[in-house]
Amino acid sequence: MGKRNELNVFRGVGAWVYLQIKKLKEKIRVRVPIISPATSPSLSVKENPFFIRGALPSSSQTRAIAAIVKNYNWREVVVIYEESPYGTGILPYLTDALLEINTLVSYRSGISPSANDDQILRELYKLKTMQTRVFIVHLQENLASRFFLKAKEAGMMNSGYAWIITDVLTSLLDLVDTSVIESSMQGVLGLKSYVPKSKELDMFTRRWRKRFRQEYPDMDQVELNVFGLWAYESITLLAEAVEKVGTTAIPKLKKPDTRENITDLDALGTSEVGSLLIDSMQNTELKSGLSGDFCIVDRELQPSPYQIVNIIGKGDKIIGFWTEKDGILHKLKMNVERDPTTQAVIATGLGPDVFKEVIQSLKYAVPYEFIPFPIAHSPTSQNYDDLVHKITSKEYDAVVGVITILASRSEYVDFTLPFSESSISAVVPVRNDDRKNAWIFLKPLKAELWIATGALFVFIGFVVWALEHRVNKDFRGPKRKQVGMIFWFSFSTLVFAHKEKITSNLSRFVLIVWVFVVLVLTSSYTASLTSMLTVQQLQPTITDLNDLIKNGEYVGYQKGSFVKDVLTRMKFDSSKFRSCSTLEEYNDALSRGSKNGGVGAIVDELPYLRLLLNKYCRKYIMVGPTYKAASFGFAFPKGSPLVPDVSRAVLKVIEGETMNNIIQKWFGNETDCPKQDGMAIASSLTLDSFKGLFLIAGVSAGSALPVFFVIFLYQNRVILATDDSIGKKLCAIAKVFDLKRDDSNSMSKNLPLQSPEIGISDGLGESPASEGFSTTETGTPVHETMSGTIEERLHIYSC
């Protein structure tokens, strides 16, 4: 148990700190500087000039709790607190914060640290009888563990109840048994101080864990929390202060002038070095410390953002953030930087950098001070128009951000000459890299082109088979072989692998045209596939802003910008607007897409879009037309004598090399990202590109086929001249077509009369006996006689 208490002392647990308040006050009386992570509001730095608070007081989270309550429109809450000076210290601050949002604290329930389980259960049943179902719990981890177990037993952790815990429990959640968290704390909301991730913090955490295992091998691993980090930062600042003071003063105590009515502590005297240390530490900053920016102003640690978490499973999940300026945020937007000595705002950006150069180029000195103007996500938050109106209300003397010169704004302020031109365009995500697609070989041709090509291959194969079937043995045989030949021959021309000889002139004519079509098609396919595999492509998901309207996509814009009005005039649905404030929010919205709570495109002014593309140049691309917009300038009160001089100074700056350096600083070098304007994007080939070729191939094959059948029917006109039915004639023609033609015996006019296959009657006498089939009727015209046996020829005609 001793080791556990020792660990809690090092980690700066709030309860332990409070128990030391009395001792701290005694040390302060002798003017010994005390820097402590004490969170109790009862210990005030104003009342104790030698006390430095190295932690956020528990009262600093009350407005964050009120913001959560307001977000859910809860009108009454019950506050459950620990009956100790530590627990009661937060009550007046929490009550005031809730009253500001018109929320009533209907009941305050005090739980004694020594209360047993029965007492806790009785109090919970009492709370259950009340109408209020929203509870704010300010208990330390030991008492909170027992409390939530009993709340589960009382049936108050079910649906219909809402619980909010303060940072003293949320930040020390690792000290709570996981079985308690999993069984009795699911769905609880909590607050904890935000600690940004960093390499230094990771390395320090590793050293902490290693040393913890060495010194406490028998204990379960306990994670380092924000109280421990604040203690470490405080020691670091103290060491730096001691180093600054050095040996400038001899460490000694000043004795009191009289010994009447003094205590033993007063008799020790007061420290002379203490005053020097306080002067060195009361306004200081540890930039990029382990816990973030550890800034002490007037001996008080400055507020940092709070994380809003939801307890799920064995731990907590971050669901949002809260800051004093912006309220509740989905993503954290960090504050502007300040000079640690003067506390003046260090403004950065295109507008401030240009303004600094402009002021330096004036012939006279103009003192100025930057004042940050927050623009949050809340619907009631201020925008750029409100910022410009601050001039007319004399709250600001000028506005030097990236302010667009608009006619509506020029009615109540005077703008300088513009220092940067502006236009409006859109940025959309690029499509996935198809080079990683296993089916990329299908991409060069559109689906309709693949279908048309396949159909034409089959048609050409059928035409060549029909032309060659009677005269070419390669195109004869069993039906399966002939069907296979139709497909094989045509598709083999794709790689010129066909080996069958062509005997028909009509077939040769068809193939000459078809081989040319195949050559063009394969060359185009190869070129397109090569481009897809070798060229780095940035192909947009959409190509025009009108596509966003048609598809009902959500559109992002910069919070407070006039771009929202432009989108409305472009007939965009205002319900599809989503505002963003930072490049990170732009990236997050585009990455998620419209279907997942994001946007399909970001519409903004070109300078902001260039910043986005410079940071995420391979994820997004600028598309659509560029709409001309007003330029950026500085705003001054109406009639300000500074406007002419500042305008002339603006011209000097933008004409020199300084402006180029500022632009390159913020927008980067264009060569760092692939050039997007005019980029050649390899796209799939469409049917329209090959309609002419396919038409030529189809006409050539389609004309060769009827020519062949006309010749074939003429050669077998004797069949058509019979008195048989049409069905028998067609059957006879089909059988003749299926027989192999012998060109040496096919036509009687090409053979001598004594051919054994031909008999001719001239009507003057009988024809000699022969093996051939002949006409015997008087006046019968001469006919072509087919080769083959008598049985074969009779079979042809007697279908």
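The values are calculated or read from the model by the stated rules, or taken from the named source; none is laboratory data. Just so it is clear, the model here is predicted, and its values are computed rather than measured. Note that we place each Cβ from the backbone using ideal geometry, even for glycine, and neighbour counts take in every protein chain shown. Each accessible area value is taken on the protein alone, full model and side chains, heavy atoms only, with ligands, DNA and RNA left out. Shrake-Rupley method; radii C 1.70, N 1.55, O 1.52, S 1.80 Å.
At a glance:
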quantity	calculated
Listed residues 368, 608 arranged by accessible area, highest first, probe 1.4 Å	368, 608
Where the stretch 107-215 is the region considered: accessible area per residue in Å², 1.4 Å probe	48
Portion, in percent, of the accessible area of the stretch 437-522 that falls on carbon or sulfur, probe 1.4 Å	72
Probe 1.4 Å, protein heavy atoms only - accessible area per residue of the stretch 627-666 in square angstrom	54
Of 482, 456, 426, farthest towards positive along the dipole that unit charges on Lys, Arg, Asp, Glu beta carbons give the stretch 410-529	482
Sites residue 158 and residue 210 - FRET efficiency at Förster radius 35 Å, r taken between beta-carbons, to 0.05	0.25
Long-range tail of P(r) for the stretch 122-246 (Cα pairs > 26 Å, %)	40
Compactness relative to 2.2 N^0.38 Å, alpha carbon Rg of the stretch 441-480	1.62
Segment residue 319-residue 431, extension gain: residue separation times 0.36 nm, minus the distance between their alpha carbons	37.4 nm
Cross-link pairs beyond the 26 Å C-alpha cut-off, checked among 571/595; 126/152; 331/571; 564/665	331/571; 564/665
Per-q log10 I(q)/I(0), the stretch 197-239, q = 0.25, 0.31 Å⁻¹ (Debye; single scatterer per alpha-carbon; no solvent)	-0.97, -1.12
Fraction of accessible area attributable to carbon and sulfur, the stretch 121-217 (%, probe 1.4 Å)	48
Farthest toward positive dipole pole in the stretch 539-591 [+1 Lys/Arg, -1 Asp/Glu at C-beta], among 567, 579, 542	567
Equivalent ellipsoid, the stretch 41-186 (semi-axes from 5 times Cα gyration tensor eigenvalues, Å)	25, 19, 14
Principal semi-axes in Å for the stretch 572-667 [√(5λ), Cα gyration tensor, largest first]	33, 18, 11
Relative contact order of the stretch 531-614, pairs being alpha-carbon contacts under 8 Å that are 6 or more residues apart, as %	31
